[in-house]
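*Asks:* This is the structure I want to talk about, given as structure tokens.
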Amino acid sequence: MALSPADLILTTFRDLGGNWVRSGLTTLGIFMGVAAVNATLNIEAITSAQIQQKLDQRDNPFVFTWMYDPTWTKPAPELGEEDFVAMQQTVAGIAGVSRTTQVFNVDQVRHQGQVSNEADIEGVSLNFQQITGRQITAGRFFQQADFDEYYPVAVIDSVLAEQLFPEGSPVGQGLFLDTVRLTVVGVVETKRGRADREPTGLVWLTQNYADAIAGRSTWGRTQIAIAELDDYETVEDGVRNFLEQRYPGFTVQVFGNAEDLYREEQQQRTSTRILKVVGLLALVIGGVGIANITIAAVMERTREIGLRRAIGATDWEVMMQFIAEAALLSLIGGTAAIASIHGLTKVATTQVFEAPYTFRVQDAAISMGAAFAVGVGASFFPALRITQIDVVQALRGE
């Protein structure tokens, strides 16, 4: 006799309620396993969000190079477009390459009565804004014509804009680098540099104009953007090896702006892997509990199984009754675990320590899916034994 879905659910609740202590302990095992898995996924999400927040405060991950002759008898080669193209073709993980020039012979930046003595002044290439990932907040970035015509234009960051133009938009206004007048054409967002110091203001010029006004009072560097933080070490080593082979005899040093975050991410991934193993072990223990309760249920209800099969129930229908019990225990334990971990994580990230946390449906789905996989999987083979029971022996209770 086939059971309807409603009857199957009612029978499942009745059978589990008949031995609520055993059912409760089994549910607790599932609860602990799912809680461990879900907590691990939450920790991974929070730490990843924290790393991303720190990345957002900096330019896109990059490395820059410095080459010198260890005998100090030869000048270091200046990298050009051919080097950049070859580097991108040779080294995997490079998102782009640009050349910047640091200007040192300017003492102050001023607009009318407002003065800044600490602003950094850089000549940049046409692709530099894309390389850094900084967004334009007002006006525009440089255009090709600004480079071709040596236009005296500048892009400043929001910190310098607030310092020099407290009462209005700086776009279209003039500012002076000592005695050199420039027109501000754009404002970019402010980000931290490699060091964790407070930004003091930034002026970008076209690279050729910066070279023209600075003369020898400059320091140029090649800035190499990294496509993904995971590629940081690969790009760093690849750039060093490329330049050492291309310019033998020179010492090549490579520095970056995100090595600390790369190391932090690697440590976080290692910790997460360990926690995931612990969570899976807890789930397996919960699965052993479900397997045990299924075996015990089969042994205790031998007569019932024989009677149902004698009046026409198929093996699959009888198996489904026991699998449904395991699935229900998994649902109850998994739901309780996800709700508990969400609540505890919410409290911890808002009242104990500040951290970015949002409930992620995909993490809950993974945790619940793991609970069902373990629960149904652990109950399947004990339930499969039902098909091997002889009906006559089952009716006798053997």
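*Asks:* Taking the condition polar (S, T, N, Q) and either at pLDDT 85 or above or under 30 Å from Val361 (Cα atoms) (or both), does Asn105 pass?
*Replies:* no
*Asks:* Taking the criterion of being modelled with pLDDT of 90 or more and over 30 Å from Val235 (Cβ atoms), would at least one residue in the range 119-131 satisfy it?
*Replies:* no
*Asks:* Can you confirm whether the range 232-255 contains a residue that is within 15 Å of the chain's Cα centre (by Cα) and open to solvent by 40 Å² or more (accessible area, probe 1.4 Å)?
*Replies:* no
*Asks:* For Val115, work out the one condition from (1) in contact (Cβ under 8 Å) with a residue 60 or more places away in the chain; (2) in a strand (DSSP E or B) it doesn't fulfil.
*Replies:* For Val115, the failing item is (1).
*Asks:* Please count how many residues of the range 44-65 are open to solvent by 60 Å² or more (accessible area, probe 1.4 Å) and in a helix (DSSP H, G or I).
*Replies:* Within the range 44-65, residues that are open to solvent by 60 Å² or more (accessible area, probe 1.4 Å) and in a helix (DSSP H, G or I) number 4.
*Asks:* Related question: Tally the residues that are in contact (Cβ under 8 Å) with a residue 12 or more places away in the chain and open to solvent by 60 Å² or more (accessible area, probe 1.4 Å), restricting the search to the range 83-104.
*Replies:* Number satisfying all stated conditions: 4.
One line per residue, one yes/no per condition, for (1) assigned to a strand (DSSP E or B); (2) of a type outside the set (Lys, Arg); (3) touching a residue at least 60 places away in the same chain (Cβ under 8 Å); (4) open to solvent by less than 20 Å² (accessible area, probe 1.4 Å):
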position	(1), (2), (3), (4)
Asn42	no, yes, yes, yes
Thr71	no, yes, no, no
Asp107	no, yes, yes, no
Phe142	no, yes, yes, yes
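The values are calculated or read from the model by the stated rules, or taken from the named source; none is laboratory data. Bear in mind the structure is a predicted one, so any value in this text is a computation, not a measurement. With ideal geometry, Cβ positions are generated from the backbone for all residues, glycine too; neighbour counts draw on all protein chains shown. Keep in mind that these areas ignore ligands, DNA and RNA; they rest on the heavy atoms of the full protein, side chains included. Shrake-Rupley method; radii C 1.70, N 1.55, O 1.52, S 1.80 Å.
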